[in-house]
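The values are calculated or read from the model by the stated rules, or taken from the named source; none is laboratory data. What you see is a predicted model; the values in this text were computed from it and never measured. Ideal geometry is used to build each Cβ from the backbone, glycine not excepted, and the neighbour counts take in all protein chains shown. Remember, those area values only see protein heavy atoms, side chains included, never the ligands or the DNA or RNA. Shrake-Rupley method; radii C 1.70, N 1.55, O 1.52, S 1.80 Å.
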Amino acid sequence: MLDFSIEPEFQAKLDWAATFVREEVEPLDLLFPHGGDPYDTRNEKARAILRPLQDQVRAQGLWACHLGAELGGAGYGQVKLAYLNEILGRSYWAPTVFGTAAPDTGNAEILAMFGTEEQKARYLRPLLDGDIVSTFSMTEPQAGADPKEFSCRARHEGDEWVIDGEKWFSSNARYAAFLIVMAVTDPDAPPHARMSMFIVPAETPGIEIKRNVGTMDERDSLDEGIHAYIRYDQVRVPLDAMLGGPGEGFKVAQARLGGGRVHHAMRTVGKCTRAFDMMCERAVSRRTQGTLLAEKQAVQQFIADSWVELQQFRLLVLHTAWIIDSQPHGAARTQIAMCKVQTAKVLHDVIQRALHLHGSLGTTNELPLAKWWMAAPNLALADGPTEVHRTTIAKQLLKDRRPAEGLFPSEHIPPKLEAARKRYAHIVEDDSLAGRVDA
């Protein structure tokens, strides 16, 4: 049975989280507003505020809730995580405060599934404790997110793997204690069996950050970029640095992405809800041409369209989470892709309307709307371009479809009408019933 209800005990935790994020966490977004601030473990002022907040989250049993109980998490299913991530989406710092910041969440899952005991002790435990951050180094400058076009290679040499090549947009590499790197180990294998995954300590010789690339709201002049363009120049790691088996890099990568896409989608719901609240407040606060904005039909349409789109999207994400919880692994593939397609669109459309209603103020740094709006293009590309996911949806929907028999579509009216007349001929052709009207 499809059921999104929340038991009272968990609702109490959500209520606590909502108040906590609004009152205690959102101020961090103002004090430390740059993209890299939540990941900079060397910023002692930020950490001095962060650590007590994280302790409060742990005391509530809400730390790293995406993890199973064996790894210190609560073992919540995806539906509960969706409700929690809706709250976390209000604040850029909230995932770090709650131990659920990407890419560390996915990297932790990879280490838990494929890491050696030594690697888990060295990397997984401090990552779960929030003491270090990590990087997922997959995309490449010439290939983007298409692993079939990757050229960064790792060759087997003695008792080591030697990694050589370039990676693009490796988030948080400047702060990371280690990097998980996807590299081609067998260029002659089928496309999805060419790559393997490696854990590489950040201090390994040969890792060169060519530059930290700034995005729309980051200033190169202040070196605010957090997405690294990296050259791996003869980087040597031991044989047991491989995560999974040879050629399983694509499989390992896919193991970390599905749940993360759902979490990003539900955090987008939370951010858009905050923008929607701002839109409504503006509508009942400001007047123009003699009446409140709320009385203008165009503004009413903005509000109605935003709420309908937001609720449709929220239900899509919850339904996807329910499928992940209740059905076999992989059953939610199409729904996850649907969430990914809609995430950037809903974020852009709702925030665009909220920004527009605030006029020139909405475009300034005195409100958060412009910064939020600039995240939309990145969301449309992160974890694979939107177009790729649209293709995935279409292929899944079409794979079991069959062509029409004959020249005309199966809904062609003439043969269906003839069949209907034959089926009910004994009634249609009964003259004794002509003109009768039921009482």
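Within the stretch 346-356, identify whether any single residue is more than 22 Å from residue 307 (Cβ to Cβ) and either among the aliphatic types (A, V, I, L, M) or open to solvent by 60 Å² or more (accessible area, probe 1.4 Å) (or both), and answer yes or no. No, the stretch 346-356 has no match at all. Could you say whether any residue in the stretch 260-279 is in contact (Cβ under 8 Å) with a residue 12 or more places away in the chain, in a helix (DSSP H, G or I), farther than 20 Å from residue 86 by Cβ and of a type in the set (Phe, Trp, Tyr)? Looking for residues that are in contact (Cβ under 8 Å) with a residue 12 or more places away in the chain, in a helix (DSSP H, G or I), farther than 20 Å from residue 86 by Cβ and of a type in the set (Phe, Trp, Tyr), one finds none in the stretch 260-279, hence no.
Could you list all residues from the stretch 366-406 that are among the aliphatic types (A, V, I, L, M) and not in a loop (DSSP other than H, G, I, E, B)?
369, 370, 376, 379, 380, 381, 388, 393, 394, 397, 398, listed by residue number.
Residue count for the stretch 194-218 satisfying the condition of being of a type in the set (S, T, N, Q) and free of Cβ contacts under 8 Å to residues at least 12 places away in the same chain: 0. Scanning the stretch 82-100 for residues that are among the aliphatic types (A, V, I, L, M) and either out of contact with any Pro (no Cβ under 6 Å at 6 or more places or on another chain) or open to solvent by 10 Å² or more (accessible area, probe 1.4 Å) (or both) turns up 82, 84, 87, 94, 97. Test residue 118 against the criterion of being assigned to a helix (DSSP H, G or I), in contact with a Leu (Cβ under 9 Å, 6 or more places away or on another chain) and acidic (Asp, Glu), and give yes or no. No, not satisfied.
Is it the case that some residue within the stretch 39-46 is open to solvent by 30 Å² or more (accessible area, probe 1.4 Å), in contact with a Gly (Cβ under 7 Å, 6 or more places away or on another chain), modelled with pLDDT of 95 or more and not hydrophobic (A, V, I, L, M, F, W, C)? Looking for residues that are open to solvent by 30 Å² or more (accessible area, probe 1.4 Å), in contact with a Gly (Cβ under 7 Å, 6 or more places away or on another chain), modelled with pLDDT of 95 or more and not hydrophobic (A, V, I, L, M, F, W, C), one finds none in the stretch 39-46, hence no. Scan the stretch 12-26 residue by residue and report those that are open to solvent by 50 Å² or more (accessible area, probe 1.4 Å) and in contact with a Ser or Thr (Cβ under 9 Å, 6 or more places away or on another chain). Of everything in the stretch 12-26, just one residue is open to solvent by 50 Å² or more (accessible area, probe 1.4 Å) and in contact with a Ser or Thr (Cβ under 9 Å, 6 or more places away or on another chain), namely 22.
Considering each residue of the stretch 407-414 in turn, none proves to be surrounded by 12 or more Cβ atoms within 10 Å (Cβ to Cβ), touching a residue at least 60 places away in the same chain (Cβ under 8 Å) and either acidic (Asp, Glu) or not in a helix (DSSP H, G or I) (or both). Within the stretch 138-188, restricting attention to residues that are without any contact (Cβ under 8 Å) to a residue 24 or more places away in the chain, among the charged types (D, E, K, R) and assigned to a loop (DSSP other than H, G, I, E, B), which residue is farthest from residue 232 (Cα to Cα)? Restricting to residues being without any contact (Cβ under 8 Å) to a residue 24 or more places away in the chain, among the charged types (D, E, K, R) and assigned to a loop (DSSP other than H, G, I, E, B), the top hit is 188. In this structure, residue 427 does satisfy being without any contact (Cβ under 8 Å) to a residue 40 or more places away in the chain and not in a loop (DSSP other than H, G, I, E, B). When residue 251 is tested against (1) in contact with a His (Cβ under 6 Å, 6 or more places away or on another chain); (2) open to solvent by 60 Å² or more (accessible area, probe 1.4 Å), just one condition goes unmet, and that condition is (1).
Quick grid of which residues meet (1) farther than 30 Å from residue 330 by Cα; (2) at pLDDT 95 or above:
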site: 346; (1), (2): no, yes
site: 352; (1), (2): yes, yes
site: 357; (1), (2): yes, yes
site: 361; (1), (2): yes, yes
site: 368; (1), (2): yes, yes
site: 375; (1), (2): no, no
site: 382; (1), (2): no, no
site: 385; (1), (2): no, no
site: 389; (1), (2): no, no
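Screening 277, 305 for residues that are among the acidic types (Asp, Glu), exposed (fewer than 13 other Cβ atoms within 10 Å of the Cβ) and farther than 30 Å from residue 115 by Cβ leaves exactly one candidate, 277. Pairs linking a residue in the stretch 219-234 that is part of a loop (DSSP other than H, G, I, E, B) to a residue that is hydroxyl-bearing (Ser, Thr, Tyr), with Cβ atoms under 8 Å and 6 or more positions apart or on different chains, are 225/215; 226/39; 226/171; 226/175.
Restricting the search to the stretch 207-218, which residues are assigned to a loop (DSSP other than H, G, I, E, B) and open to solvent by 30 Å² or more (accessible area, probe 1.4 Å)?
The answer is 215, 216, 217.
Close contacts from the stretch 318-341, counting a first residue that is among the β-branched types (Val, Ile, Thr) and a second that is surrounded by fewer than 15 Cβ atoms within 10 Å (Cβ to Cβ), with Cβ to Cβ under 6 Å and a gap of 6+ residues or different chains, come to 323/331; 334/396; 341/390. State whether one or more residues within the stretch 222-239 are within 22 Å of residue 172 (Cβ to Cβ), of a type in the set (Asp, Glu) and surrounded by 15 or more Cβ atoms within 10 Å (Cβ to Cβ). Yes: one or more hits.
Which of the residues belonging to the stretch 81-104 are within 12 Å of residue 262 (Cβ to Cβ) and among the charged types (D, E, K, R)? The one that is within 12 Å of residue 262 (Cβ to Cβ) and among the charged types (D, E, K, R): 86.
When the stretch 61-81 is filtered for residues that are closer than 17 Å to residue 267 by Cβ and open to solvent by 40 Å² or more (accessible area, probe 1.4 Å), the ones remaining, listed by number, are 76, 80.
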